[in-house]
Each structure stands twice: as structure tokens, then as C-alpha cells.
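Below: one structure, written as C-alpha cells.
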Amino acid sequence: MEFSVKSGSPEKQRSACIVVGVYEPRRLSGIAEQLDKISEGYISNLLRRGDLEGKPGQMLLLHHVPNVLSERVLLVGCGKERELDERQYKQIITKTINTLNETGSMEAVCFLTELHVKGRDTYWKVREALETTQNSLYSFDVLKTRKGETRRPLRKLVFNVPTRRELTVGERAIEHGLAISSGMRLCRDVANMPPNICNPAYLASQARQLAEIHESLTVSTIGEEQMAKLEMNSYLAVGRGSHNESVMTIMEYNGSAKGNDKPIVLIGKGLTFDSGGISLKPGEAMDEMKYDMGGAAGVIGTMKALCEMKLPINVIGILAGCENMPSSNAYRPGDILTTMSGQTVEVLNTDAEGRLVLCDVLTYVERFDPELVVDTATLTGACVVALGKYASGLFSAHNPLAHELLNAGEQSGDRAWRMPLWDEYQELLESPFADMTNLGGRAGGSITAACFLSRFAKKYHWAHLDVAGTAWNSGVNKGSTGRPVPLLTQFLINRAGVEQGEKSA
Ligand code: BES
Ligand code: MN
Ligand code: ZN
């Protein structure tokens, strides 16, 4: 798909289709009014006859509107003007894209970016429209022998902005939107890949491929032999039952002009399959545990977006690749592990494996003297119970970092909700035989998991993002969502101090 911005009037566009909004009930947007005037009331006549009420997502495709140069005009219902919010805006764009893609318009000029969306500026509207477009055109069909092809797919989309002054902001929105959506696409492709293909070594190969395109990125890996030398016994224990070797992939992005700025470290849980191990999961929906590498997919996607935007910061991304399987060699309930930090853990459930992998990575990254560390993981079913599929769970003892991440979530529409990390919850991890257990019980399960991690993240500012509910969709729309790439990328954009929307609007 090709995207651009432009500032022009609707009747002068020579395109296959122009897209304009109509509010409910039967009220023309400013742009639609311009078209109505030039076409001598053609559009208002239609509305009067009851062809379009303006309900959100309603579509009416017109051909050869008098005095309009474009072949088609797509009228899009936008609901009540004062109720147009972010969510509705996204839904309207999605419907529009699907209609354009199905009705033979290979290019279009979209005026929906001029609608008034509560609290949002042109930068946001253009970027969001672009990301929504890319996301709704996504499909994962590399492993289908017959691909679902559209006959005349949408190829080129122009977003119109109200004034020429806003063209610069619009172009920046396109640049950022393209980077974020290509990061999301990589995240989704890697996450959707089945676990017989996507194993820890596959995660490493994907990172290497990215480093081949981007000079600013270098990739190295640590396999089981080196993990043993580093005494990452907890990480190793989780992968021991699998034939697939555990591989930790380290992606170093150097973008800071000064070169030696402290790096931001992103860690992603990369369980390419989580069967539960000896504490085997029930069979229902177990296939979805291929998505237990959603954190790692989010990190590799964010690294891609970062490389494309060439942000002037230093970032290290770590993919904690591992597979949790039962076998005669697998770790078991009752085992006591000595983690890389020296702290000991009594394993009470081999299905609480994510924290056992991540705790050693949290210790490992101390060597980078990080500015801050954010880990992202499909860590607990309890987080899905608490927050559902709309918000990721955010945990951090460092208030400024927590607020930065929450803000990045709001800005990018990839939201997180803060959960507590209070000391009271730590007590639930006490063990009679080791420094702690890996199981906090059913109550507050996502919090005790985060508390467990916090014990290994004392040497730097740290936040944990539980994406168990947000990284993929179940049911008919099963598939990776590409989250938390927008949140993490937005966080990095903000960190880099790159300009975004106009401050005045
Ligand atoms: N990867 C799962 C968490 C998960 C489960 C995410 C379902 C999304 C949907 C994790 O490794 C796990 O199994 N957690 C257990 C922890 C429990 C044994 C303390 C869980 O949530 O049941
Ligand atoms: Mn598990
Ligand atoms: Zn898991």
C-alpha cells in the first residue's frame, strides 16, 4: 500500500474514489457540503430520500456525481457529530477500507482525516487511519495453498488534511504510522507462525534477517551451552524437556549520536510453545499456547519500527526463546533451582514457567547498565481474568516510568492499566525450602507473578507489561493483534523527543 497526504478540495480530486463523512441524522460534514454544492444538491437529495441515515459505519457508494471529477464518491456514516470518538473513528476507517477493497477502487482520496475527533489532532488522525488500514488488510496465509486474493485491491490511499500548514505534520504521521504498522506486521507474522516452525532458533533467525537490512542493528545469540556457563539455571530448567534448544536473542540498536547513551532494554517472553510441562495444561485451546511468545514478537516488531524510524536512542531488545514440554528429562514440581542471581526457587508448578525464564534474563541484562528495563510477557491467565482483552497489565514500582508507559498506551490506542506491586503480595511467594516459590496461588495471580519478577529487577528502573489478554484474539478472529508494538514504539518515540502533532491544535 502506498500512502500520502494532500490538502485540496474534494470536487477537484481526480481519483477512483473520494471518501467523505455524513453525520447522523442525515447531516453533511463540511466536505460533503462542498460536494453537495458543486453537484447542485445531488447528495442532500439522496439523504432526504432516506438513502443514508449517517449511522456509524453505514456506506453508500455513488457513481458519476455531477460536476465531480472522481469516478466514485463513497459516503460514510459517522454517527452523531459530537459522539465521534477514537473507537468510532477506527471502526469507520476499518469499514471504509473493507468497502474500498471490495468495490474495485484501487486508489482513493480520504477526507475522513478532516473529521473532528474528540481530543485528537491531525497527526493522530492520519497515523491512526494508516495503521488501521494496514491492520485491516493484514492476513496470514503463507501456509495456505490457496490464498484469498482480492480482484482489484486498494493500492493507493491519499489522506486529506484541512490546511497546507498541516502537510508536514501529516507526512510525519505517515512516516511513523508506516514504521509502526510494519513492526506490527512482523510481530503478527512471527506470532501466528505455528510452533513446529516458530521455535527459539526461528526467533533468532527472524532477528538476524532484520539486522541484515538495518546497519544500526546487531544480533547475537546465547544457546544452552553459554547459558550454563552464565548459570542461567532457571531459564535452562524450563527448556530442558524440549528437543528444541533454548535460545536467547540479543538485538542491539545503536541510534544515539553520542553513541554511549545508556540503553533502554526491552525483554520479551518467547515461549514458542507452552504445554505447561509436567504440570500439563488441559487440552482445550492448547494450540493458542503457540502465542506464548507474544512478548518476544512484540519486541522484535518494536525493534523493526525503531530501525525504520531511525530514532536517536540506544535500545537493546531481548527475545527469551524457550519451549516448555513434558519429558523424562523435564523439570518437575518440587525441583529447587538456583537462578543466575543466586536466589533459589522451589518449583510448585511447571506451568508458571514464564517467570523462571524472565528472572534470569532480568539478571543477565544488568551487564548493559540499562537506563531502564521493560519486559513484556503473556505471563498469566489471571491477567486475562482481571483486564480482559482491552488493556495490558502494567506493573512498576517506579512511578515516572509507569506514567510514561500509560501515556504511550493512551497516545497510541494500545492501552495498559496499572496494577499494584505492593509488598503484601510478596508474602504469597514464601517457600519452606527455598528463597521463594514460583507460585503465588489463584488470588491476585498476575500480581504475584509480577512480584516474583520484581525480586530480580532491583538494580535498575523496571516495568512489566502482562500482555496475556491483548497479544492475540481467540475465536473466529483468531490471530496475533500486533500488540504491544504501538505502545512500546510510542514510548520510544517519546523517549527520543521526536516531534509529533502540532502543539497548537
Ligand atoms: N502462558 C501462560 C499464561 C497464559 C494462559 C496466557 C492463558 C494467556 C492465556 C503461563 O505460562 C501460565 O501457564 N500461567 C499459569 C500460571 C499458574 C500456573 C500460576 C496460569 O496463568 O494459569
Ligand atoms: Mn505456563
Ligand atoms: Zn507461559
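The values are calculated or read from the model by the stated rules, or taken from the named source; none is laboratory data. Keep in mind it's a predicted model, so treat the numbers as computed, not measured. Because the Cβ atoms are built from the backbone with ideal geometry, glycine has one as well, and the counts that use them run over all protein chains shown.
Take segment 8-23 and flag every residue that is at pLDDT below 95 and not hydrophobic (A, V, I, L, M, F, W, C). Walk me through it before giving the result.
Let us first name the residues in segment 8-23 that are at pLDDT below 95, namely 8-16.
Within segment 8-23, G8, S9, P10, E11, K12, Q13, R14, S15 qualify.
Among the residues of segment 255-272, the ones that are crowded, with 18+ Cβ neighbours inside 10 Å and over 23 Å from G334 (Cβ atoms) come to 10 in all. Suppose we filter segment 273-290 for residues that are away from ligand 2 (no atom under 12 Å from the Cβ) and either among the aliphatic types (A, V, I, L, M) or buried (at least 24 other Cβ atoms within 10 Å of the Cβ) (or both); how many remain? Residues flagged as away from ligand 2 (no atom under 12 Å from the Cβ) and either among the aliphatic types (A, V, I, L, M) or buried (at least 24 other Cβ atoms within 10 Å of the Cβ) (or both) within segment 273-290 amount to 1.
Which of the following residues is closer than 18 Å to F3 by Cβ and surrounded by 24 or more Cβ atoms within 10 Å (Cβ to Cβ): L137, L130? Among L137, L130, only L130 is closer than 18 Å to F3 by Cβ and surrounded by 24 or more Cβ atoms within 10 Å (Cβ to Cβ). Quick check on T339: is it at pLDDT 95 or above, in contact with a Cys (Cβ under 7 Å, 6 or more places away or on another chain), away from ligand 3 (no atom under 16 Å from the Cβ) and hydroxyl-bearing (S, T, Y)? Yes, satisfied.
If you take the residues in segment 244-261 that are touching a Ser or Thr at 6+ places or on another chain (Cβ under 9 Å) and under 21 Å from D369 (Cα atoms), which one is nearest to ligand 2 (Cβ to nearest atom)? So that I can check it myself, show each step before the final result.
Restricting attention to segment 244-261, the residues satisfying the condition of being touching a Ser or Thr at 6+ places or on another chain (Cβ under 9 Å) are 244, 247-255.
Next cut, under 21 Å from D369 (Cα atoms) only: 248-255.
On the way: M248: 18, T249: 21, I250: 24, M251: 25, E252: 29, Y253: 30, N254: 34, G255: 35 Å.
Top of the filtered list is M248.
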